[in-house]
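Student: Just passing along the structure, written as structure tokens.
The values are calculated or read from the model by the stated rules, or taken from the named source; none is laboratory data. The shown structure was predicted, so the numbers you read here are calculated from the model rather than taken from an experiment. Ideal geometry is used to build each Cβ from the backbone, glycine not excepted, and the neighbour counts take in all protein chains shown.
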Amino acid sequence: MKLQDLDVIVTAPPAPGWGGRYWILVKITTDTGIVGWGECYASSVGPQAMQAVIQDVFERHMHGENPENIELMYRRVYSSGFTQRPDLTVMGAFSGLEIACWDILGKHRERPVYALMGGQMNERVRGYTYLYPLAHHDMTAFWTSPEMAAESALDCVDRGYTAIKFDPAGPYTLRGGHMPAMSDIARSVAFCKAIREAVGDKADLLFGTHGQFTTAGAIRLGKAIAPYDPLWYEEPIPPDAVEQMAAVARAVPIPVATGERLTTKAEFAPLLRAGAAAILQPALGRAGGIWEAKKIATLAEVYNAQVAPHLYAGPIEWAANIQLAVSIPNILMCECIETPFHDQLIKSAIRVEDGFIEAPTAPGLGIDVDEALARAHPYHGKDLHLQMQEAACDYVNGNAFEGGAPSIKT
């Protein structure tokens with residue numbers, strides 16, 4: 001069996017667009033007719049340029065290869081151009097293609113992917129969700145309203161979730177880490193207080209920041225929200241300063257979680273060595289694929305750290321995350337995004353029931369992709385999947401930010 005044909009589909013989720021402005025799906029067909037699906041979580045170049053990278057990686061390193069030879073193909077890509085170092089864009093391309101190879105292998109052997117990489121460790125996986133506006137909420141006011149956030153959190157708990165994520169401390173600025181405004185600190189405390197009062201001990205609070213702050217600023221904010229006992233403090237500073245991340249981890253009594261912007265074990269290992277993170281969050285469509293994520297999880301196991309795969313993308317990466325989660329002993333939880341489009345794109349193959357996802361039993365990734373639906377929603381915009389803000393932090397008027405891909409107003 002050989003890898004033969006590649007098709008790349010860029011699909012845009014309808015409004016309000018949770019999961020980013022677009023998702024890059026890859027479809028690989030073998031010479032025996034087996035189809036495998038993957039998803040590339042790569043957003044540093046536009047989708048047209050990214051499609052060219054994906055095509056090049058496939059043609060150069062994977063076409064005609066046996067899909068079993070994942071380690072060989074990974075080493076070709078990792079070493080390409082005399083590099084042997086992490087490359088976010090190239091590894092993002094390979095990650096989606098690698099996921100598709102596992103889907104092919106599982107279908108070929110009529111077994112779930114996790115059965116081919118150590119078997120089932122967990123019968124079900126704990127899920128968590130980001131806080132999104134409810135139907136009656138004002139889409140603009142929601143992101144700065146502790147009251148609306150608390151109401152949304154209570155709705156999540158009523159649906160069975162035992163962990164909820166929110167990030168009220170914006171903005172995300174390309175200027176690097178900044179010192180948070182006092183108004184941002186006050187709002188963050190208000191969010192934690194309102195949500196904790198709403199959910200009590202029924203759910204963990206997951207505080208997101210996405211690399212916004214200087215080391216000193218992250219420590220200030222972390223100490224301010226610590227009384228509400230968040231389960232994690234997500235990426236408190238930019239991801240390229242491992243020792244400074246470790247300084248935050250030592251100073252703040254909240255476990256540090258990070259990893260969505262990193263790729264390969266080469267970038268995750270230094271975090272563990274430095275004691276910079278207790279929870280790793282690889283995005284499987286970027287980190288090197290399922291097999292590389294398994295290696296990252298093994299490294300984490302040695303350092304007594306846990307794994308919580310990141311998801312701000314489509315449901316194919318979600319399916320890959322679940323296959324990994326079922327197979328490892330140190331899984332903490334998996335991020336979930338439940339929208340009608342996510343559900344329809346994989347024909348309801350993944351369900352969150354009472355806050356958990358049962359181990360899949362269908363072959364491969366365990367999903368059936370609605371290819372026609374994906375093609376019916378092409379992306380025509382010029383923005384990236386996620387976009388940083390150029391304007392500096394506003395210390396006078398406060399800041400309101402709804403994530404890297406603001407919702408589409410209708």
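Student: Let me confirm something: among TYR22, TYR41, which residue is in contact with an Asp or Glu (Cβ under 8 Å, 6 or more places away or on another chain) and buried (at least 24 other Cβ atoms within 10 Å of the Cβ)?
Tutor: Of the residues listed, the single one that is in contact with an Asp or Glu (Cβ under 8 Å, 6 or more places away or on another chain) and buried (at least 24 other Cβ atoms within 10 Å of the Cβ) is TYR41.
Student: Which numbered condition trips up HIS210, out of (1) at pLDDT 95 or above; (2) outside any helix (DSSP H, G or I); (3) in contact with a Phe, Trp or Tyr (Cβ under 7 Å, 6 or more places away or on another chain)?
Tutor: (1)
Student: Of the residues that make up segment 340-348, is at least one assigned by the TED database to the domain that holds GLY170, outside any helix (DSSP H, G or I), out of contact with any Ser or Thr (no Cβ under 6 Å at 6 or more places or on another chain) and buried (at least 21 other Cβ atoms within 10 Å of the Cβ)?
Tutor: First pass over segment 340-348, keeping only residues assigned by the TED database to the domain that holds GLY170: 340-348.
Those left that are additionally outside any helix (DSSP H, G or I): 346-348.
This time we only want the ones that are out of contact with any Ser or Thr (no Cβ under 6 Å at 6 or more places or on another chain), so: 346-348.
Those still in the list that are buried (at least 21 other Cβ atoms within 10 Å of the Cβ) too: 346.
Yes, segment 340-348 contains a residue that is assigned by the TED database to the domain that holds GLY170, outside any helix (DSSP H, G or I), out of contact with any Ser or Thr (no Cβ under 6 Å at 6 or more places or on another chain) and buried (at least 21 other Cβ atoms within 10 Å of the Cβ).
Student: Right, next: Just the residues that are in a loop (DSSP other than H, G, I, E, B), under 23 Å from the mean Cα position of the chain (by Cα) and among the polar types (S, T, N, Q), please, taken from segment 138-179.
Tutor: THR162
Student: What residue, among those in segment 69-95 that are small (Gly, Ala, Ser) and in contact with a helix residue (DSSP H, G or I) (Cβ under 7 Å, 6 or more places away or on another chain), is nearest to ILE367 (Cα to Cα)?
Tutor: Ranking the qualifying residues of segment 69-95, first place goes to ALA93.
Student: So how many residues does segment 90-121 have that are crowded, with 18+ Cβ neighbours inside 10 Å and assigned to a loop (DSSP other than H, G, I, E, B)?
Tutor: 1
Student: Looking at (1) at pLDDT 95 or above; (2) more than 25 Å from SER327 (Cα to Cα); (3) hydroxyl-bearing (Ser, Thr, Tyr), which is the one condition that is false for SER44?
Tutor: Looking at each condition in turn, SER44 falls short on (1).
Student: Can you tell me how many residues in segment 197-237 are more than 23 Å from the chain's Cα centre (by Cα) and in contact (Cβ under 8 Å) with a residue 40 or more places away in the chain?
Tutor: Qualifying residue count, segment 197-237: 7.
Student: Continuing with this model, one more query. In this structure, is PRO406 out of contact with any helix residue (DSSP H, G or I) (no Cβ under 7 Å at 6 or more places or on another chain) and modelled with pLDDT of 85 or more?
Tutor: no
Student: Same structure again: Please pick out the residue among ASP167, ASP240 that is assigned by the TED database to the domain that holds VAL352, within 21 Å of ASP394 (Cβ to Cβ) and among the acidic types (Asp, Glu). Quick ask: steps written out before the conclusion?
Tutor: Numbers: ASP240 fails: within 21 Å of ASP394 (Cβ to Cβ).
None of the others qualify; the one that does is ASP167.
Student: Also, quick follow-up: Working carefully through the options ILE357, ILE346, ILE367, ILE322, find the one that is farther than 27 Å from PRO47 by Cβ and within 20 Å of the chain's Cα centre (by Cα).
Tutor: So the residue among ILE357, ILE346, ILE367, ILE322 that is farther than 27 Å from PRO47 by Cβ and within 20 Å of the chain's Cα centre (by Cα) is ILE357.
Student: Listed residues ALA181, ALA153, ALA141; which is free of Cβ contacts under 8 Å to residues at least 60 places away in the same chain and surrounded by 16 or more Cβ atoms within 10 Å (Cβ to Cβ)?
Tutor: Within the list ALA181, ALA153, ALA141, the selection yields ALA153.
Student: Let me ask something else. Of GLY38, GLY20, GLY33, which residue is touching a Ser or Thr at 6+ places or on another chain (Cβ under 9 Å), at pLDDT 95 or above and of a type in the set (Gly, Ala, Ser)?
Tutor: Step by step, each of GLY38, GLY20, GLY33 is checked, and only GLY38 is touching a Ser or Thr at 6+ places or on another chain (Cβ under 9 Å), at pLDDT 95 or above and of a type in the set (Gly, Ala, Ser).
Student: Let me ask something else about it. Applying the selection to segment 292-333, what residues are in contact with an Asp or Glu (Cβ under 7 Å, 6 or more places away or on another chain) and surrounded by fewer than 24 Cβ atoms within 10 Å (Cβ to Cβ)?
Tutor: PRO329, ASN330
Student: Give the residue, chosen from GLU98, GLU123, GLU151, GLU110, that is within 24 Å of ILE24 (Cβ to Cβ) and not basic (Lys, Arg).
Tutor: When all the criteria are applied, what remains is GLU98.
Student: Next question. Limited to segment 29-83, what total is found for residues that are more than 26 Å from the chain's Cα centre (by Cα) and among the acidic types (Asp, Glu)?
Tutor: 3
Student: Determine which single condition SER188 fails, assuming it passes every other condition in (1) of a type outside the set (A, V, I, L, M, F, W, C); (2) out of contact with any helix residue (DSSP H, G or I) (no Cβ under 6 Å at 6 or more places or on another chain); (3) part of a helix (DSSP H, G or I).
Tutor: Status for SER188: all satisfied but (2).
Student: Condition first: closer than 19 Å to LEU284 by Cα, among the aliphatic types (A, V, I, L, M) and buried (at least 21 other Cβ atoms within 10 Å of the Cβ). Now tell me which residues in segment 236-268 satisfy that.
Tutor: Once the filter is applied, which keeps residues that are closer than 19 Å to LEU284 by Cα, among the aliphatic types (A, V, I, L, M) and buried (at least 21 other Cβ atoms within 10 Å of the Cβ), segment 236-268 yields ALA257, LEU262.
Student: Determine, yes or no, whether ARG220 is basic (Lys, Arg), at pLDDT 95 or above and crowded, with 23+ Cβ neighbours inside 10 Å.
Tutor: no
Student: Is it the case that ALA194 is touching a residue at least 24 places away in the same chain (Cβ under 8 Å), among the hydrophobic types (A, V, I, L, M, F, W, C) and either surrounded by 21 or more Cβ atoms within 10 Å (Cβ to Cβ) or within 20 Å of TYR312 (Cα to Cα) (or both)? Can you show your working first?
Tutor: Numbers: touching a residue at least 24 places away in the same chain (Cβ under 8 Å): yes; among the hydrophobic types (A, V, I, L, M, F, W, C): yes; either surrounded by 21 or more Cβ atoms within 10 Å (Cβ to Cβ) or within 20 Å of TYR312 (Cα to Cα) (or both): no.
Considered against the rule, which asks whether it is touching a residue at least 24 places away in the same chain (Cβ under 8 Å), among the hydrophobic types (A, V, I, L, M, F, W, C) and either surrounded by 21 or more Cβ atoms within 10 Å (Cβ to Cβ) or within 20 Å of TYR312 (Cα to Cα) (or both), ALA194 comes out as no.
Student: Assess whether GLY176 counts as being without any contact (Cβ under 8 Å) to a residue 60 or more places away in the chain, surrounded by fewer than 20 Cβ atoms within 10 Å (Cβ to Cβ), over 17 Å from ALA276 (Cβ atoms) and assigned by the TED database to the domain that holds HIS310. Before you say what the answer is, go through the steps one by one.
Tutor: Numbers: without any contact (Cβ under 8 Å) to a residue 60 or more places away in the chain: no; surrounded by fewer than 20 Cβ atoms within 10 Å (Cβ to Cβ): yes; over 17 Å from ALA276 (Cβ atoms): yes; assigned by the TED database to the domain that holds HIS310: yes.
Answer is no for this residue.
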